[in-house]
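Take a look at the following structure, please.
The values are calculated or read from the model by the stated rules, or taken from the named source; none is laboratory data. Since the model is a prediction, treat every value here as computed from it, not as a measurement. Cβ sites come from the backbone with ideal geometry, for glycine too, and all protein chains shown count toward neighbours.
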Amino acid sequence: MVFPALPPSASSRRTFIGAAAFAAAGLAGAAAKNPGAGGRRETFRLSAAGEPDLFLRRQRPDGPKQPAPVLYVHGATFPSALSIAFRFDGYSWMDDLAAAGFSVWGLDFAGYGESARYPETARAEPPGRAGEAARQIERAVAFICEREGAPRASIVAHSWGTLAAGVYAAGRLERLERLVLFGPVARREGPRGDDPSPPFRLVTVDQQHARFVADTPAGHPPVLLDRHFERWGPAYLASDPESATRSPPAVLIPGGPAADLRDAWSGAFPYDPGKITAPTMIVRGEWDSVTADADARWLFEALANADPRRDVKISKGSHLMHLEESRFELYEATRGFLAGATPRR
């Protein structure tokens, strides 16, 4: 797995799930009902002086409500509409969590999806670094907790988003109920190149498809189905209003995540996992080259104060497992962990 244009106790250590296992202070929000999903989906825009406007989507729970709301934060190249909210055969990860009673929220970081775009001007460093994204998570959690009347929220983060979520979680322990790190980035000790990180990157549908299937073993039947990607690809391009003006059509994304990954994989990790005390689960696919066994081992050991902590490895899944045939095992593992204990006091 490579990213487009990137440098190439009471705790349970590891659970392996086979494919057969699943048969607002200073914030303003404007809500609008989504006509789909029976009116259970709503959208919000958060504004704060001196900060980019942020987009949140929410799906209200089915039946009795779980105590803690759940916030999903996406990875480096595509927003919440293309991840937790994207319906494969009419059913999304957001639908699954709502069916289990969770109030589910998805954040688009600045520069992605429906949130404000960064201006394409010269900067000292590329926009959208993990620390900046963590402040956006802080704004979102404050708004969500106020609206839900909840003292804490759980966070589900994917890929580069786990770096931003980790920065937030290590500093705002009082706001965090539970933490799910899906395909997390861990610290590696590789060489660090001297080339400056570009402020922005362009990603085409073909680049996305190439990296999505890169980790599937040769000769194995596809786990990302063509009929699903045929819908996902155009929706990805539609997430950037300017994509059709480029040749080939491409989505502009902030360069900050690539800079974060370069730093993390050359020994400069942006947060101290030992400061996280909330229950934490690492979940990953067996073919995930971003979160290989050694990466999960390092992060699990570094999360020494998370209680409990788990490492769940799911068969026949890659770094993009939420788009693949093993997504239901991912849903099950996440749902069970989020609902698995009496709410923290």
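Evaluate the following for G26: is it at pLDDT below 90, under 21 Å from E138 (Cα atoms) and of a type outside the set (F, W, Y)? Please lay out each step first, then the result.
Working: at pLDDT below 90: yes; under 21 Å from E138 (Cα atoms): yes; of a type outside the set (F, W, Y): yes.
Yes; evaluated as a whole, the condition is true for this residue.
Suppose the filter is among the acidic types (D, E), more than 19 Å from the chain's Cα centre (by Cα) and either more than 20 Å from E189 (Cβ to Cβ) or surrounded by 17 or more Cβ atoms within 10 Å (Cβ to Cβ) (or both); does E301 pass it?
No, not satisfied.
Please determine whether any residue of the range 81-97 is in contact with an Asp or Glu (Cβ under 8 Å, 6 or more places away or on another chain), modelled with pLDDT of 95 or more and surrounded by 23 or more Cβ atoms within 10 Å (Cβ to Cβ).
Looking through the range 81-97, none of the residues is in contact with an Asp or Glu (Cβ under 8 Å, 6 or more places away or on another chain), modelled with pLDDT of 95 or more and surrounded by 23 or more Cβ atoms within 10 Å (Cβ to Cβ).
Could you give every pair whose Cβ atoms fall below 6 Å, whose first residue belongs to the range 180-200 and is on the phi > 0 side of the Ramachandran plot, and whose second residue is hydroxyl-bearing (S, T, Y) and modelled with pLDDT of 95 or more, counting only separations of at least 6 or pairs across chains?
Partner pairs satisfying both residue conditions: G183/S159; G183/T291.
Looking at the range 168-191, which of its residues are surrounded by fewer than 24 Cβ atoms within 10 Å (Cβ to Cβ) and assigned to a helix (DSSP H, G or I)?
Within the range 168-191, A170, G171, L173, E174, R175 qualify.
Residue-wise test of (1) touching a helix residue (DSSP H, G or I) at 6+ places or on another chain (Cβ under 8 Å); (2) under 30 Å from A278 (Cβ atoms).
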| site | (1), (2) |
| --- | --- |
| W160 | yes, yes |
| A165 | yes, yes |
| R172 | yes, yes |
| D194 | no, no |
| V213 | no, no |
| L224 | yes, no |
| R227 | no, no |
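Here is a list of conditions, (1) buried (at least 19 other Cβ atoms within 10 Å of the Cβ); (2) under 18 Å from the mean Cα position of the chain (by Cα), and S289 meets all of them except one; can you say which number that is?
S289 satisfies all of (1) buried (at least 19 other Cβ atoms within 10 Å of the Cβ); (2) under 18 Å from the mean Cα position of the chain (by Cα) except (1).
So W160 clears everything in (1) surrounded by 24 or more Cβ atoms within 10 Å (Cβ to Cβ); (2) hydrophobic (A, V, I, L, M, F, W, C); (3) over 12 Å from the mean Cα position of the chain (by Cα) except one condition, right? Which one?
Condition (3) is where W160 drops out.
For residues that are in contact with a Gly (Cβ under 9 Å, 6 or more places away or on another chain) and part of a loop (DSSP other than H, G, I, E, B), scanning just the range 235-263, find the one that is surrounded by the fewest Cβ atoms within 10 Å (Cβ to Cβ).
The extreme case among them is S239.
Right, next: Please specify each residue of the range 68-102 satisfying the condition of being more than 17 Å from T43 (Cα to Cα), in a loop (DSSP other than H, G, I, E, B) and among the hydrophobic types (A, V, I, L, M, F, W, C).
A68, A76, F78, A100
Listed residues D215, D195; which is part of a loop (DSSP other than H, G, I, E, B), touching a His at 6+ places or on another chain (Cβ under 8 Å) and surrounded by fewer than 23 Cβ atoms within 10 Å (Cβ to Cβ)?
D215
Have a look at L224, L202 and point out the one that is of a type in the set (A, V, I, L, M, F, W, C), surrounded by fewer than 20 Cβ atoms within 10 Å (Cβ to Cβ) and either outside any loop (DSSP other than H, G, I, E, B) or in contact with a strand residue (DSSP E or B) (Cβ under 7 Å, 6 or more places away or on another chain) (or both). Lay out the reasoning, then the answer.
Values: L224 fails: either outside any loop (DSSP other than H, G, I, E, B) or in contact with a strand residue (DSSP E or B) (Cβ under 7 Å, 6 or more places away or on another chain) (or both).
Result of the check over L224, L202: L202.
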